[in-house]
Amino acid sequence: MKAIMVMYDSLRRDLLSVNGGPIPTPNFERLSARTVQFDCSYVGSLPCMPARRELHTGRYNFLHRDWGPIEPFDDSMPQLLKENGIYTHLATDHYHYVEDGGCTYHSRYSSWECYRGQESDTWVADLTPPPAEYSPHLIGTKNMNGTLAAMRRKGGWQNDHNRQRWQTDGDFAMHQTFDNGIDFLQRNGRFDNWFLQIETFDPHEPFTAPQDFDGRYFSPDDPFVPDWPPYAKVDEDEKTVENMRKKYYALTEFCDQQLGRVLDKMDELDLWKDTMLIVNTDHGFFLAEHDWWGKGAAPNYEELVHTPLFIWDPRCPGAAGQRRRALVQTIDLAPTLLDFFGVDIPADMMGKPLAGVIAGDVPVRRHALFGYHGAPVGITDGRWVLLRAVADSTVQMYEYTHMPTHMRAPFSVEEMRSTTLHPGFSFTKGAPVMKIESRVNPRFAKAQAEGEDLLFDLQADPAQQHQLENADKKAELLDAMARLCAENDAPDEVYERFGLKKPER
């Protein structure tokens, strides 16, 4: 058996032409004709590395941890495959894998390659000071506070040096990532027992696309330079908003082209007969919907949490071209791959293998939970969605870990002074863990005002324009939220912070 995963970052399902969106994506349309498309696929933990921990472990990250590495007690899907004779390879340009907060993911694979230069990746070494008014890639100066230090924190000057290395389509990190994956297929496609993960950072911001794609929306004589929206409320004029969306559209068309290269290679090598294909993303992105850019600082509306997911399972050839309504999540992908390869699924994985959903839309769950650590939590049954605000922000959240690192640095000594030893959880395999006071991102925590819950009926209001008052439905979803927290052995402060009644055991 063989399997390929093509994973994007910040890919919006509703904007793809295959789903009636405005972005021409002919290769996603090809993909849809060959696979099962999941209409109710949702994130779990946000954003990047929390989602990837779920991809490895098949369980929610955000109830116990913010951004961080794979833990010593974690069950890692690629590691389990490797230990059971399945060769695993990661081709990626997702630079967070080679920072402190992602430092244990790539080494779970048999082999890996990382292509440099995305976003603020500390790649090109150039000490040339920027001009005093340097801000070519951001909208305005709202993220910079008018200071060079803030610009450097955002990564614009580093990113400018990085992108100067990308002169042709083939120079771009995404193209090189797909080159590596396709080379793996060319050399190894005839062999059995391998898993290939082709994972790109795109279409994550900045929306930097080759001229072949950017030129479909902008004339070289009248370019639109900004391509890096802030995580903030929209206050730009309509023309600027429209142009920023076009920058995202151009980059997504580049993503579509790269997908087509994988589909072409699968055709050429006749891999469809015995190779699973999964095409997915970690989350979406706001492009001025609900008057927001980016993610994190806004409520977790559908544009962010309702994701594209396509799977081809060669054991179910009759399912090609069909759609499924069953509610699925990122946590289901690890058990799906383990099941496909005949590897035992660890008891600690809370996700479910999707073979039954693919074959006959057999449900695997009633509700899906999603959110950021310590910030508003969402729950959906596929029709109704409740975005639960923090009920009591004075409740202290904690990080439970053996790996005290943030995105780009270890926990500070000051943070470590708050450490106590916790006896552990059902999934830590008898090991106690450090319990460290969390520094929850205040903007994320305040994405909804304290106590400001948002309830929507997605069937009647898919754009979430009309908040509803339905006490019975809200109570039902809050009960389900508390039950899922209990099933995932959430710590006591989660119930207190979100005003949930802890179920009796």
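Can you check what the net charge comes to around Ala347, using other residues whose Cβ is under 12 Å from the Cβ of Ala347 (Lys, Arg +1; Asp, Glu -1)? Provide the component values of the computation, followed by the final result.
Working: positive: Arg59, Lys429; negative: Asp75, Asp344, Asp348.
For residues surrounding Ala347, the net value is -1.
What share of all Cα pairs of the stretch 251-292, in percent, falls into each consecutive 5 Å distance bin?
6, 16, 18, 19, 14, 10, 7, 5, 4, 0
Need one number: nm distance between label points at Val225 and Asp212, each 7 Å from Cα along Cα→Cβ, rounded to one decimal.
2.7
Largest first, what is the accessible-area ranking of Tyr115, Tyr109 with a 1.4 Å probe? Let's see the in-between values first.
Details: Tyr115 45, Tyr109 10 Å².
Descending accessible area places them as Tyr115, Tyr109.
Just to check, using Stokes-Einstein with a Kirkwood Rh over alpha carbon pairs, what's the diffusion coefficient of the stretch 336-414 at 4 °C and 1.567 mPa s in µm²/s?
Result for D is 79 µm²/s.
Might you report the magnitude of the Cβ-based charge dipole of the stretch 277-374 about its Cα centre, with Lys and Arg at +1 and Asp and Glu at -1, to the nearest 20 debye? Mind dumping the intermediate values first?
Values: 8 positive and 11 negative charges, 62 e Å.
Dipole of the stretch 277-374, to the nearest 20 debye: 300 debye.
Please report the carbon-and-sulfur percent of the accessible area for the chain; probe 1.4 Å, protein heavy atoms only, DNA, RNA and ligands left out. Numbers along the way, then the final one.
Details: 9450 of 19090 Å².
Heavy-atom surface of the chain belonging to carbon and sulfur, 1.4 Å probe: 50 percent.
Using all Cα-Cα distances in the stretch 306-380, what percent lands in each 5 angstrom bin from 0 up to the longest?
3, 14, 24, 24, 18, 10, 5, 2, 0
Report the rotationally averaged projected area of the stretch 173-265 based on its alpha-carbon convex hull, in square nanometres.
Mean projected area of the Cα convex hull: 7.4 nm².
Could you tell me which of rounded, prolate or oblate describes the stretch 273-326, using a ≥ b ≥ c as the square roots of the eigenvalues of the alpha-carbon gyration tensor, with rounded for a/c under 1.5 and, failing that, prolate when a/b is larger than b/c and oblate otherwise?
Details: a/c = 4.40, a/b = 2.99, b/c = 1.47.
Prolate, because a/c is 1.5 or more and a/b exceeds b/c.
Rounding to the nearest 20 debye, state how big the charge dipole of the chain is about its Cα centre with +1 on each Lys and Arg Cβ and -1 on each Asp and Glu Cβ.
In total the dipole reaches around 820 debye.
Based on the mean of other beta carbon atoms within 10 Å per residue, what is the order of 32-39, 164-171, most packed first?
Details: 32-39: 19.8, 164-171: 12.8.
Highest to lowest by the protection proxy: 32-39, 164-171.
Cα-Cα over 25 Å: which of Lys82/Lys352; Lys473/Lys502; Lys82/Lys273; Lys352/Lys435?
On the way: Lys82/Lys352 20 Å; Lys473/Lys502 19 Å; Lys82/Lys273 23 Å; Lys352/Lys435 29 Å.
Too far apart for the 25 Å limit: Lys352/Lys435.
Can I get the semi-axes of the stretch 218-270's equivalent ellipsoid? Compute them from the C-alpha gyration tensor as square roots of 5 times the eigenvalues, in angstrom, largest first.
Numbers: eigenvalues 215, 38, 10 Å².
Semi-axes, largest first: 33, 14, 7 Å.
Taking the Cα of Asn470, stepping 7 Å toward and past its beta carbon, and measuring to each backbone N in the stretch 366-406: which are under 18 Å?
Residues 366-369, 378-389 fall inside that zone.
In percent, how large is the relative contact order of the chain, given Cα pairs closer than 8 Å and 6 or more residues apart? Write down the numbers at each step before the final one.
On the way: 1048 pairs, mean separation 117.4, N = 505.
Result for the chain is 23 percent.
Toward the positive end of the charge dipole of the chain, about the Cα centre and with charges on Cβ (Lys, Arg +1; Asp, Glu -1), which of Gly117, Gln164, His422 goes farthest?
My answer, from the dipole projection, is His422.
With a sphere of radius 10 Å drawn around the Cβ of Val43, what net charge do the other residues whose Cβ falls strictly inside it have (Lys, Arg +1; Asp, Glu -1)? Let's see the in-between values first.
On the way: positive: none; negative: Glu54, Asp282.
Result for the neighbourhood of Val43: -2.
So, with +1 on the Cβ of K and R and -1 on the Cβ of D and E, and no other charges, what is the size of the charge dipole of the stretch 195-256 about its Cα centre, to the nearest 20 debye?
Numbers: 6 positive and 15 negative charges, 21 e Å.
Here the stretch 195-256 has a charge dipole of around 100 debye.
Taking Rh as the Kirkwood radius, which is the inverse of the mean 1/r over Cα pairs, what is the Rg/Rh value for the chain?
Values: Rg = 21.9 Å, Rh = 23.3 Å.
Dividing the radius of gyration by the Kirkwood radius yields 0.94.
Normalised by the number of residues in the stretch 24-102, what is the relative contact order in percent for Cα pairs under 8 Å and 6+ residues apart? Let's see the in-between values first.
Details: 52 pairs, mean separation 18.9, N = 79.
Once divided by the residue count of the stretch 24-102, the mean separation gives 24 percent.
Compute the Cα gyration tensor for the stretch 442-505, then decide on rounded, prolate or oblate, letting a ≥ b ≥ c be the square roots of its eigenvalues: rounded whenever a/c is under 1.5, prolate when a/b is larger than b/c in the other cases, and oblate in all that remain. Display every interim value, and only then the final one.
Working: a/c = 2.36, a/b = 1.44, b/c = 1.64.
Here the stretch 442-505 falls in the oblate category.
Which of the listed residues, Ile278, Leu15, Ile86, is farthest toward the dipole's positive end in the chain, when Lys, Arg count +1 and Asp, Glu count -1 at the beta-carbon?
So the residue we want is Ile86.
When ranked by the protection proxy of mean other Cβ atoms within 10 Å per residue, highest first, what sequence do the peptides 286-293, 342-349 form?
On the way: 286-293: 20.1, 342-349: 15.0.
Packing proxy ranking, top to bottom: 286-293, 342-349.
Going by average Cβ density within 10 Å per residue, which order do the peptides 435-443, 231-239 take, highest to lowest?
Numbers: 435-443: 16.7, 231-239: 14.0.
Taking the mean over residues of other Cβ atoms within 10 Å, the ranking is 435-443, 231-239.
Once you treat every alpha carbon in the stretch 1-87 as an equal point and sum by Debye, what is log10 I(q)/I(0) at q = 0.13, 0.16, 0.18, 0.23 Å⁻¹?
-0.60, -0.84, -0.97, -1.15
For every other residue with a beta carbon closer than 9 angstrom to the beta carbon of Ala334, add +1 if it is Lys or Arg and -1 if Asp or Glu, then tell me the sum. Write out the running numbers ahead of the final one.
Values: positive: Arg59; negative: Glu54, Asp75, Asp332.
Every neighbour counted, the sum reads -2.
Going by the alpha-carbon gyration tensor, a ≥ b ≥ c the square roots of its eigenvalues, is the stretch 379-505 rounded (a/c under 1.5) or, if a/c is not under 1.5, prolate (a/b greater than b/c) versus oblate? List each step's numbers first, then the result.
Values: a/c = 2.48, a/b = 1.74, b/c = 1.42.
Prolate.
Give the percent of DSSP beta bridges with both residues in the chain that are antiparallel, rounded to the nearest 5.
Numbers: 29 of 59 bridges.
Of all bridge pairs located within the chain, approximately 50 percent are antiparallel.
The values are calculated or read from the model by the stated rules, or taken from the named source; none is laboratory data. Not measured: the values here are computed from a predicted model. When we count neighbours, we look across all protein chains shown, and the Cβ atoms used for this are built from the backbone with ideal geometry, even at glycine. Each accessible area value is taken on the protein alone, full model and side chains, heavy atoms only, with ligands, DNA and RNA left out. Shrake-Rupley method; radii C 1.70, N 1.55, O 1.52, S 1.80 Å.
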